[in-house]
Amino acid sequence: MSTAFLHAFGAHLPTRVVTNAEIAARLGRTPDWIENASGIRERRWAASETSVADLAVAAAEDCLQRAGIEASALGLVIVASGSAPPGFPGPAATVVARLGLEGTPALDLPMASAGALFGLALASQLTERFGDVLVIGAEKMSAILDAGPLDPNTAILFGDGAGAALVSSRVGRWRILDAVLHSDGQFRDDLAFDWASPLRMNGLSVIMHASRKLPSAIEEVLARQGIAAQDVTAFLLHQANQNLLVRVAKALKVPPELVFSNVARYGNTSSASMLIAAAEWSRENPASGAVIFSAFGAGFHWGALLAQSV
Amino acid sequence: MPDSTRRQRLLGVLKTITDKPIPADDAESLFESGLLDSFALPDLVSALEAEFAIKVPDRDLNPRKFDSIARIETYLEEHGA
């Protein structure tokens, strides 16, 4: 039995709302086309001076407040981001400094959309050794959009934001039961960004793989714990595209309303999206039953994590 | 080698995936012709697996392999369907 628990989630979204109407003409699309293709109606973009670390710290502070602990109680901080500026150190060093921590280890996961899921799974294994672990997914995807001209089918998707989760070996609201993680580097060029050229996305490949790998990973972790998809209270997935979320629900044979969605309001915020979804879902719903976290992203990396209310 | 029965079954699968006209040219891209979009492609692969009792492994999840009727027929033939 796992001794890792999820205590609280936090989120931060920039205040600037960017509607489909604002970007449609520039991309040669209509607002309705964007919504039909993605389910996205608007997204948030951070100010030019706002950094990935700024977004991460704001989500961290929200999570710590909701968990009722001080930053000084943290034993490890993990920061996932695919849009942090290149070079070193990554944003994790800035985050722990801004949280007032000296000597607390901080780990960057430069993984994009699956980063927060991998961070949660790592945290569930590391919390007994390090104590309370803060997992953050933070993205300034608008910086990637600014870095070069994108295929309109890709440029419509992205928003900025950050989410956070506190994982502890102390008993909390949800016990982490199990997690499965997978990577397959042979498709690494199908979704990639290096700051030297525009983001590349082979949408056909990404959707085809995500449509199969997300349900497969979820079924894998559920089967390992003897739980049916129909017995899961909520599915908190990377918010890539509403059509993909509906497809996952269909594949799992569960009602689509069980798959939490805020993609219409925030767009695809990459590694931040799953934890932003968890933060919103946990504020609106009691901690009851089994909850699935799942993500798929560049690499390809994908997986699923199962938690059960205590 | 052409297999008229397999071809008819393939066309039947395509008709269940989309209500749009099937391209007359077997080499025409099913994506560029508008017959399939990114969300119809996973449905097509799943339907092919069911109809022809095959398993498409992850390494074969390459859109180019399913880009035209000719390519799909080649894939099915190579996999004994």
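At 222 nm, what value in deg cm²/dmol follows for the protein assembly as shown if DSSP H runs of at least 4 each add -39500 (n - 2.57) and the sum is divided by all its residues, to the nearest 500?
The helix contribution divided over the protein assembly as shown gives -11500 deg cm²/dmol.
Taking the Cα centre of segment A:73-169 as reference, the dipole from Cβ charges on Lys and Arg (+1) and Asp and Glu (-1) amounts to some 120 debye.
Dividing the C-alpha radius of gyration of segment A:174-309 by 2.2 N^0.38 Å, with N its residue count, gives 1.03. Between A:A210, A:V167, A:T94, whose Cα lies farthest towards the positive end of the dipole of segment A:82-238 when Lys and Arg beta carbons carry +1 and Asp and Glu beta carbons carry -1, centred on the Cα centre? With unit charges placed on the Cβ atoms, the residue in question is A:V167. Highest GNM mean-square fluctuation among B:F39, B:F66, B:F52, for chain B modelled with Cα contacts below 10 Å: B:F39.
Simple rule: put +1 on each Lys or Arg Cβ and -1 on each Asp or Glu Cβ in segment A:4-168, find the dipole, and look at A:L126, A:T50, A:A21; the Cα lying farthest toward the positive end is A:A21.
As a proxy for reagent exposure, ranking A:E139, A:E70, B:E73 by other Cβ atoms within 10 Å from fewest up yields A:E70, B:E73, A:E139. Sorted from greatest to least, the principal axis extents spanned by the alpha carbons of segment A:1-102 come out as 49, 36, 24 Å. Exposure proxy ranking for A:W45, A:W281, based on other Cβ atoms within 10 angstrom of each Cβ and starting from the fewest, stands as A:W281, A:W45. Across peptide B:58-64, how many C-beta atoms of other chains are within 10 Å of each residue C-beta, on average? Whole-number average of other-chain Cβ neighbours for B:58-64 is 6. Under 8 Å for C-alpha pairs, at least 6 residues apart: give me the relative contact order for segment A:4-168, rounded to a whole percent. The value is 35 percent. Of all lysines in the structure, the ones whose alpha carbon falls short of 21 Å from that of A:K253, not counting any fewer than 8 places away in one chain, are A:K213, B:K55.
As a footprinting exposure proxy, order B:I22, A:I276 by other Cβ within 10 Å, with the fewest listed first.
Sorted ascending by nearby Cβ count, the order is B:I22, A:I276.
Ranking A:S271, A:S261, A:M201 by Cα position along the charge dipole of segment A:174-309, where only Lys, Arg, Asp and Glu carry charges on their C-beta atoms, puts A:S261 farthest toward the positive end.
Aspartates and glutamates within cross-link reach of B:K20: Cα-Cα under 12 Å, excluding same-chain residues under 8 positions apart? List returned: B:D37. Take the Cα pairs of chain A, get the Kirkwood Rh, then feed it into Stokes-Einstein at 37 °C and 0.692 mPa s and tell me D in µm²/s. Using the Kirkwood radius from Cα pairs, D works out to 173 µm²/s.
Of the DSSP H helices in chain A, those that are both long (alpha-carbon extent of 18 Å or more along the helix axis) and hydrophobic (Kyte-Doolittle mean at least -1.0) are A:52-67, A:115-130, A:203-224.
A short reminder: the numbers here are calculations on the coordinates, not readings from a lab. Bear in mind that the values here come from a model prediction, so they are computed numbers and not experimental data. FYI the Cβ positions are ideal-geometry reconstructions off the backbone, even for glycines, and counts take in every protein chain you see.
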